[in-house]
1. At q = 0.10, 0.11, 0.18 Å⁻¹, what log₁₀ I(q)/I(0) does the protein assembly as shown have when each alpha carbon counts as one equal point scatterer in the Debye sum?
2. For peptide A:46-55, what's the mean number of Cβ atoms from other chains within 10 Å of each residue's Cβ?
3. What residue among A:Phe12, A:Phe55, A:Phe74 has the largest mean-square fluctuation in a Gaussian network model of chain A, using Cα springs under 10 Å?
4. With 31 Å as the limit, write out which pairs from A:Lys70/B:Lys103; A:Lys83/B:Lys54; A:Lys83/B:Lys103; A:Lys14/B:Lys103 have Cα-Cα distances beyond it, or answer none.
5. Given the options A:Gly40, A:Gly63, A:Gly97, which has the most mean-square fluctuation in a GNM of chain A, springs set between C-alpha atoms less than 10 angstrom apart?
6. If R0 is 35 Å, what FRET efficiency do you get for B:Ile44 and A:Leu114 from their C-beta distance, rounded to 0.05?
7. Taking every residue in B:44-50, how many Cβ atoms of other protein chains lie within 10 Å of its Cβ, on average?
8. Cut-off 10 angstrom, C-alpha nodes, Gaussian network model of chain A. Which of A:Thr79, A:Thr20, A:Thr102 fluctuates the most?
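The values are calculated or read from the model by the stated rules, or taken from the named source; none is laboratory data. Quick caveat, the model's predicted, so the values are computed rather than measured. Please note: Cβ atoms are built from the backbone with ideal geometry, for glycine as well, and neighbour counts cover all protein chains shown. SASA here: full protein model, heavy atoms, side chains in, ligands and nucleic acids out. Shrake-Rupley method; radii C 1.70, N 1.55, O 1.52, S 1.80 Å.
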Amino acid sequence: DGGITQSPKYLFRKEGQNVTLSCEQNLNHDAMYWYRQDPGQGLRLIYYSQIVNDFQKGDIAEGYSVSREKKESFPLTVTSAQKNPTAFYLCASSIGGGQSETQYFGPGTRLLVL
Amino acid sequence: GIQVEQSPPDLILQEGANSTLRCNFSDSVNNLQWFHQNPWGQLINLFYIPSGTKQNGRLSATTVATERYSLLYISSSQTTDSGVYFCAVFKSGGGADGLTFGKGTHLIIQP
């Protein structure tokens with residue numbers, strides 16, 4: 001089946017620890033995105049990648065880092081510099097990065113700080 | 001940046017009722033999507049509708065781009081329609097490009 005997978009489903013982070021969230025897609029999409037959702041809120045853009053080896057900061061990139069070494073993979077690292085990381089993280093992809101493209105979302109990862 | 005406002009924030013209906021959800025946006029857009037977020041958090045694409053009207057079963061959507069609003073209609077509601085409905089528009093330029101989301105309408109359909 002084609003789609004977007006995220007792992008793990010739940011992730012616990014200790015103070016001062018970096019953690020990495022996985023996002024994989026087999027839709028052959030060029031563009032991939034990371035969003036953060038806080039309770040009762042809409043999603044906010046963290047990072048965006050339109051093509052392999054290229055990515056751009058979104059509205060709330062501080063404390064996060066990404067890489068795009070392969071077309072199908074776009075991992076997100078939550079660093080210790082992110083002071084309030086508890087949230088629901090959603091990865092998305094689209095055929096291209098243009099504004100007329102439909103974005104499709106993965107099932108999400110819930111990150112909790114211990 | 002572009003602002004997206006959704007109304008109402010909460011809506012409780014009986015099964016079988018019809019509903020209209022509204023999305024207002026502050027600037028012209030070339031991309032507007034409606035999503036349904038189920039209780040497990042999965043975002044499900046409902047419509048890609050930057051303008052015009054589309055229908056899919058009991059759901060339909062209309063976007064009037066010149067007046068900067070979109071409406072989502074749900075007819076003959078079922079309990080499985082419960083969840084949060086998001087409107088999102090595409091913001092481009094000035095850095096990363098991605099969707100800007102409203103805060104959503106939380107819909108509860110009671111049996």
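1. Taken in order of the listed q values, log10 I(q)/I(0) reads -0.44, -0.54, -1.33.
2. 1
3. Most flexible of the set in this elastic network: A:Phe12.
4. A:Lys70/B:Lys103; A:Lys83/B:Lys54, as the Cα separations exceed 31 Å there.
5. Taking springs between Cα atoms under 10 Å, the residue moving most is A:Gly40.
6. Step by step, r from the Cβ atoms, then E = 0.65.
7. 2
8. Result for chain A, Cα springs under 10 Å: A:Thr102 fluctuates most.
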